[in-house]
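Here's the structure we're looking at; comments come further down.
The values are calculated or read from the model by the stated rules, or taken from the named source; none is laboratory data. This structure is a prediction, so every number in the text was calculated from the model and none was measured. All Cβ positions, even for glycine, are placed from backbone atoms using ideal geometry, and neighbour counts span all protein chains on display. Accessible surface areas use protein heavy atoms only, side chains included; no ligands, DNA or RNA. Shrake-Rupley method; radii C 1.70, N 1.55, O 1.52, S 1.80 Å.
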Amino acid sequence: MLQFWYSDRCTRQIKLMVCIATCGMIYLSSIAQQLSAMFTGISLVIGMSIHLLRALSLKITANNPYKNGFTLLFWVMPLIALMTLIAALPTEHKIMLILQAIGFTAIGLFILSTFPNRKFYPT
């Protein structure tokens, strides 16, 4: 999924639609119970760290002996962080809070992954 997100096949329109759908899902799930600001911030940081870890993994050369270890780190660390966050959520309306946490993690990823590709046109 991330390979498609970072590829040229994923256009700006597709990214915009995914972001809008994610925000809609967060809004609809927040009707039952809102995620606290602390959990929201942690979710955003997890999403941003996914992008930063991917950027770091691309800088490591293919013949580096630590390439496989860093690839494993790229997948395991954000997953462990997200699972720990989900385990710490309150039990009331937990499904809605989990959806929001995953949504905010995706938004954190979306924010950083689309920023380097911005085209600024002088006015």
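Tabulated results
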quantity	calculated
Qualifying residue in region 2-10 (condition: of a type in the set (D, E, K, R), farther than 25 Å from residue 95 by Cα and free of Cβ contacts under 8 Å to residues at least 12 places away in the same chain)	yes
Qualifying residue in region 67-77 (condition: of a type outside the set (Val, Ile, Thr), touching a Ser or Thr at 6+ places or on another chain (Cβ under 9 Å) and buried (at least 17 other Cβ atoms within 10 Å of the Cβ))	yes
Test: residue in region 37-58 that is open to solvent by 50 Å² or more (accessible area, probe 1.4 Å) and not in a helix (DSSP H, G or I)	no
Lone unmet requirement of (1) in a helix (DSSP H, G or I); (2) in contact with a Lys or Arg (Cβ under 8 Å, 6 or more places away or on another chain) for residue 61	(1)
Residue check, residue 87 surrounded by fewer than 10 Cβ atoms within 10 Å (Cβ to Cβ) and over 20 Å from residue 114 (Cβ atoms)	yes
Candidates 16, 44, 2, 28 - the one that is closer than 10 Å to residue 100 by Cα and either of a type in the set (A, V, I, L, M, F, W, C) or within 16 Å of the chain's Cα centre (by Cα) (or both)	28
Conditions (1) within 23 Å of residue 23 (Cα to Cα); (2) in a helix (DSSP H, G or I): number failed by residue 92	(2)
